[in-house]
Amino acid sequence: MQTSTLVSAEDKRWRLIRATMRRHGFAANALIETLHTVQEAFGYLDEEALRYVAKELRIPLSRVYGVATFYNHFAMKPQGEHHCVVCLGTACYIRGGSRVLEAIEKAAQVKAGETTPDKKLSLLVARCVGLCWLAPVALFDDEVASEATPEEVAQKVGEWVDHVSS
Amino acid sequence: MYLPEDELQRIDEEERLLKGQYKHHIHVCLGANCLNAHSAQVLSALETEAKARGLEKVCSVTGGGCRGLCVAGPTVTLEPDNVLYGKVQPNDAGDIIASLGGEPVERLNRPTDNPFFMRQQRIVREMEGRLNPERIEDYIAAGGYKSLLKALNEMTPAEVINEITRSGLRGRGGAGYPTGLKWKTVAKARGEHKYVICNGDEGDPGAFMDRSVMDDFPHRLLEGIIIGAYAVGADRGYLYVRAEYPLSVKRLQLAIRQAQKQNLLGNNIAGTAFNFDLQVRVGAGAYVCGEETALIASIEGKRGQPRPRPPYPAESGLWGYPTLINNVETFANIGAIIRNGSAWYASIGTEKSKGTKVFALTGTVSHSGLIEVPMGTTLREIIFDIGGGIPDGRKFKAAQTGGPGGGCIPEQYLDLSVDFESLASVGSMMGSGGLVIMDDRTCMVNVAKYFLEFCKSESCGKCIPCRVGTAHMFDILDKITKGEATLDDLTLLEELCDTVKHTSLCGLGQSAPNPVLSTLRFFRDEYIAHIVDHVCPAGVCEFEKEAVR
């Protein structure tokens with residue numbers, strides 16, 4: 001099913017995207033900057049947006065798709081209402097970051113990089129959030145959970161996701 | 001008649017007058033780490049409290065930079081009393097304001113006469129905690145942009161390059177290439193345009209030195225970049241910042257606008273014929289973009305995949321034009337070298353590694369945070385004097401330097417001097433400055449597996465040794481940590497290390513085997529214990545199957 005983000009001249013979000021392209025003179029090298037604006041405006045990159053950007057910047061759709069999927073920052077699916085980011089930097093890892101991640105995956109029944117079916121929660125993994133002395137760290141939306149234990153995080157996630165265990 | 005040096009002088013004097021009105025200066029750290037600990041709320045609570053007591057004309061409350069002691073965040077610095085408060089909460093504001101001019105608030109007070117502060121030497125982080133990063137006036141009043149005017153008005157580009165060459169400065173991104181030599185190559189290259197790129201794609205886990213330079217000293221970075229552009233004859237430049245650092249992006253963009261307004265960027269800079277346009281480009285979450293040719297591809301709007309060198313970017317870089325690429329910390333050193341002279345800079349550090357290095361000291365160490373020490377300082381001094389040693393009475397096991405491509409240095413090398421050559425001699429590398437301390441609860445096989453997982457995921461997929469090799473190495477390490485590997489697997493792992501190291505296209509693949517090689521060199525018994533005895537000496541790995549004896 002195609003999500004409806006019809007390219008309309010009145011929608012401010014599309015005007016923002018056009019403004020980014022205009023600032024760069026609709027040059028092909030504006031692709032990444034434009035995709036950043038699309039993601040800021042819509043929260044993710046859908047097929048319609050990719051086609052639109054490809055047409056406007058006169059880049060083959062295959063290259064636009066190649067760039068969009070190469071970079072981890074770009075989301076190709078709608079994101080959940082809440083975000084949980086588990087840090088797996090070196091300091092967090094050696095202090096049990098992966099056990100924190102496992103606990104959240106189990107509690108929310110979702111894998112890292114995915115969103116729960118009810119769109120309540122997106123679970124992400126960070127390479128390092130630079131809060132190493134609080135390790136292991138998890139971010140719930142923008143709130144920092146320091147020296148996180150698997151039990152704490154599981155409880156926190158439980159508050160966001162109402163589960164019908166199947 | 002307008003004279004740029006008079007303009008800087010005027011701003012300097014105005015600042016002194018403005019600052020002179022206040023008896024007390026309160027600087028609240030608004031670095032990324034303290035902001036995470038709600039330092040913005042602390043700042044507004046202090047402002048409210050100062051107003052409530054009618055002291056807003058006596059004490060100024062500003063967002064200062066960071067003091068490096070991240071573990072104590074949010075931190076607040078009082079001047080002129082030189083008092084440092086740590087773990088400050090908004091409801092401490094009343095006590096802090098009430099104590100001004102008297103005894104410091106005991107429960108918040110953090111002594112600054114200890115090795116953490118006394119043993120550091122600051123060039124890149126000079127004036128730390130005392131500059132508001134969002135005001136160009138603060139930087140100018142601290143002598144900022146004078147080096148740029150000196151370079152433009154009193155030195156030829158060749159003289160600037162000679163000065164940098166004589167200083168002995170080497171690239172701080174990790175490889176340690178002589179900066180002066182790189183600048184000379186770009187200056188000599190022919191091109192209709194030349195570009196300068198500042199590599200702010202700091203991706204190593206446990207490394208946040210460059211973020212702090214961009215967040216806390218954006219103008220020091222700009223000044224270095226502009227001097228670099230003048231020296232090599234570049235007219236355009238990009239600051240490539242990773243997407244994970246939105247605060248850096250915001251502050252750099254603000255700094256660029258401020259510098260343009262003061263005619264320190266743009267056309268006819270400071271009344272000379274030199275034009276230089278600088279823009280920020282935001283990365284999109286690809287570790288490999290820290291590699292210079294991949295970074296260039298990313299600025300061109302393409303997938304961030306490296307290409308073979310030569311040609312080096314110095315000859316053919318962005319859009320085929322000669323391009324100077326340096327790391328953030330490298331550029332942040334330039335202003336001080338021009339101001340104080342190459343002889344001064346060359347007097348700091350060791351014979352081959354000059355100046356200072358900023359490290360992000362993390363892991364199991366008491367004083368986590370950002371430190372800047374002269375090259376040649378020993379690991380022992382860094383970890384046990386400055387870092388305050390290993391907490392909880394645990395025992396030191398290894399220091400990991402150089403990020404995912406670096407190595408683990410064991411106890412017997414604690415007296416090793418930290419410089420480019422010494423670190424390489426024990427199978428590690430300087431890298432960009434991440435320094436992760438590990439205690440005896442750490443399994444070194446598991447650490448190697450962690451870094452291989454990182455490299456496997458971040459491999460761009462262009463060359464086979466890296467794409468397939470790192471995945472295969474990870475699989476073997478995974479088997480070892482599960483007690484499913486044989487000694488033949490270990491032999492195969494060592495062969496793969498050799499192949500991946502010597503045949504990969506770029507630095508990511510070439511250095512990916514280092515964590516394995518260095519842990520094998522110093523902790524081989526741990527590998528054997530996993531494989532033969534099905535035991536994890538550190539008690540980290542869990543085995544499903546019992547050892548067959």
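Among the strands (runs of 3 or more DSSP E) confined to the stretch B:388-456, the ones with at least 1 residues that are touching a Cys at 6+ places or on another chain (Cβ under 9 Å) are located at B:396-401, B:434-439. Tallying residues that are of a type in the set (A, V, I, L, M) and under 15 Å from B:G407 (Cα atoms) within the stretch B:489-523 yields 5. Checked across the stretch A:25-32, the condition of being over 22 Å from the mean Cα position of the chain (by Cα) and free of Cβ contacts under 8 Å to residues at least 12 places away in the same chain holds for at least one residue. Of B:G224, B:G206, all but one fail to be within 14 Å of another protein chain (Cβ to nearest Cβ), among the small types (G, A, S) and surrounded by 23 or more Cβ atoms within 10 Å (Cβ to Cβ); the exception is B:G206.
Can you find a residue that is under 26 Å from B:T378 (Cβ atoms), open to solvent by 10 Å² or more (accessible area, probe 1.4 Å) and not assigned by TED's automatic domain parsing to the domain that holds B:L254 anywhere in the stretch B:128-138? No, the stretch B:128-138 contains no residue that is under 26 Å from B:T378 (Cβ atoms), open to solvent by 10 Å² or more (accessible area, probe 1.4 Å) and not assigned by TED's automatic domain parsing to the domain that holds B:L254. Among residues of the stretch B:244-259 that are within 14 Å of chain A (Cβ to nearest Cβ) and in contact (Cβ under 8 Å) with a residue 40 or more places away in the chain, those with a Cβ under 6 angstrom from a residue that is open to solvent by 20 Å² or more (accessible area, probe 1.4 Å) and hydrophobic (A, V, I, L, M, F, W, C), sequence gap 6+ or separate chain, pair up as B:L247/B:A32.
Scanning the stretch B:439-470 for residues that are at the interface with chain A (Cβ under 9 Å from one of its Cβ atoms), touching a Lys or Arg at 6+ places or on another chain (Cβ under 9 Å) and of a type in the set (V, I, T) turns up just one, B:T442. Only one of the numbered conditions (1) hydroxyl-bearing (S, T, Y); (2) under 23 Å from B:G143 (Cα atoms); (3) loosely packed, with under 15 Cβ neighbours inside 10 Å is violated by B:S44, and that is (2). Give all pairs with beta carbons closer than 8 Å in which a residue from the stretch B:403-417 that is more than 21 Å from B:P513 (Cα to Cα) meets a residue that is open to solvent by 10 Å² or more (accessible area, probe 1.4 Å) and assigned to a strand (DSSP E or B); count only pairs at least 6 apart in sequence or on separate chains. The qualifying pairs are B:E411/B:F396; B:E411/B:K397; B:L414/B:T378; B:L414/B:F396; B:D415/B:T378; B:L416/B:T378; B:S417/B:T378. Every condition in (1) within 23 Å of A:G130 (Cα to Cα); (2) free of Cβ contacts under 8 Å to residues at least 60 places away in the same chain holds for B:N326 except the one numbered (2).
Set side by side, the residues A:Y44, A:Y65, A:Y52, A:Y93 differ, and just one is assigned by TED's automatic domain parsing to the domain that holds A:D141, open to solvent by 20 Å² or more (accessible area, probe 1.4 Å) and among the hydroxyl-bearing types (S, T, Y), which is A:Y93.
Scan (1) free of Cβ contacts under 8 Å to residues at least 12 places away in the same chain; (2) closer than 14 Å to B:D210 by Cα for the single condition B:S347 breaks and write down its number. Of the numbered conditions (1) free of Cβ contacts under 8 Å to residues at least 12 places away in the same chain; (2) closer than 14 Å to B:D210 by Cα, the odd one out for B:S347 is (2).
Filtering the stretch B:296-316 to residues that are under 21 Å from B:V282 (Cα atoms) and under 24 Å from the mean Cα position of the chain (by Cα) leaves B:I296, B:A297, B:S298, B:I299, B:G304, B:Q305, B:P306, B:P313. For beta carbons closer than 6 Å, sequence separation of 6+ or different chains, a first residue in the stretch B:1-17 that is under 24 Å from B:T272 (Cα atoms) and a second that is open to solvent by 80 Å² or more (accessible area, probe 1.4 Å), there are no qualifying pairs. Consider the stretch A:127-149 and keep the residues that are touching a Pro at 6+ places or on another chain (Cβ under 8 Å) and open to solvent by less than 40 Å² (accessible area, probe 1.4 Å). The one that is modelled with the lowest pLDDT is A:C128. Against the conditions (1) more than 9 Å from chain B (Cβ to nearest Cβ); (2) open to solvent by less than 10 Å² (accessible area, probe 1.4 Å); (3) more than 24 Å from A:L131 (Cα to Cα), A:L57 satisfies every one except (1).
Apart from one condition, B:V196 fits all of (1) under 29 Å from A:A126 (Cα atoms); (2) among the β-branched types (V, I, T); (3) in a strand (DSSP E or B); the exception is (1).
Do you know which residues across the stretch B:269-312 are free of Cβ contacts under 8 Å to residues at least 60 places away in the same chain, part of a loop (DSSP other than H, G, I, E, B) and either open to solvent by less than 10 Å² (accessible area, probe 1.4 Å) or at the interface with chain A (Cβ under 10 Å from one of its Cβ atoms) (or both)? Those that are free of Cβ contacts under 8 Å to residues at least 60 places away in the same chain, part of a loop (DSSP other than H, G, I, E, B) and either open to solvent by less than 10 Å² (accessible area, probe 1.4 Å) or at the interface with chain A (Cβ under 10 Å from one of its Cβ atoms) (or both): B:A284, B:G285, B:E300, B:G301, B:K302.
The residues of the stretch A:71-87 that are surrounded by fewer than 23 Cβ atoms within 10 Å (Cβ to Cβ), of a type in the set (A, V, I, L, M, F, W, C) and facing chain B (nearest Cβ under 9 Å) amount to a single one, A:F74.
Quick check: anything in the stretch B:59-72 surrounded by fewer than 17 Cβ atoms within 10 Å (Cβ to Cβ), away from chain A (no Cβ under 14 Å) and modelled with pLDDT under 95? No: the stretch B:59-72 contains no residue that is surrounded by fewer than 17 Cβ atoms within 10 Å (Cβ to Cβ), away from chain A (no Cβ under 14 Å) and modelled with pLDDT under 95. If you go through the stretch A:120-156 and pick out every residue that is within 22 Å of B:T362 (Cα to Cα), more than 14 Å from chain B (Cβ to nearest Cβ) and part of a strand (DSSP E or B), you end up with 0.
Scanning the stretch B:92-116 for residues being of a type in the set (D, E, K, R), surrounded by 15 or more Cβ atoms within 10 Å (Cβ to Cβ) and either within 33 Å of the chain's Cα centre (by Cα) or part of a loop (DSSP other than H, G, I, E, B) (or both) gives a total of 2. Out of all the residues in the stretch B:497-514, which are part of a helix (DSSP H, G or I) and in contact with a Ser or Thr (Cβ under 9 Å, 6 or more places away or on another chain)? Of everything in the stretch B:497-514, those that are part of a helix (DSSP H, G or I) and in contact with a Ser or Thr (Cβ under 9 Å, 6 or more places away or on another chain) turn out to be B:V500, B:K501, B:L508, B:G509, B:Q510, B:S511, B:N514.
Taking the numbered list (1) touching a helix residue (DSSP H, G or I) at 6+ places or on another chain (Cβ under 6 Å); (2) of a type in the set (G, A, S); (3) at pLDDT below 95 in turn, B:A243 passes all entries but (1). Residue pairs whose Cβ atoms lie under 8 Å apart, sitting 6 or more positions apart in sequence or on different chains, and linking a residue in the stretch B:531-544 that is in contact (Cβ under 8 Å) with a residue 12 or more places away in the chain and within 14 Å of B:T486 (Cβ to Cβ) to a partner that is in a loop (DSSP other than H, G, I, E, B) and open to solvent by 60 Å² or more (accessible area, probe 1.4 Å), are B:I531/B:T486; B:H534/B:K545; B:H534/B:E546.
The values are calculated or read from the model by the stated rules, or taken from the named source; none is laboratory data. All values derive from a computational prediction rather than experimental measurement. Note: ideal-geometry Cβ built from the backbone for every residue, glycine included; neighbour counts use all protein chains shown. Keep in mind that these areas ignore ligands, DNA and RNA; they rest on the heavy atoms of the full protein, side chains included. Shrake-Rupley method; radii C 1.70, N 1.55, O 1.52, S 1.80 Å.
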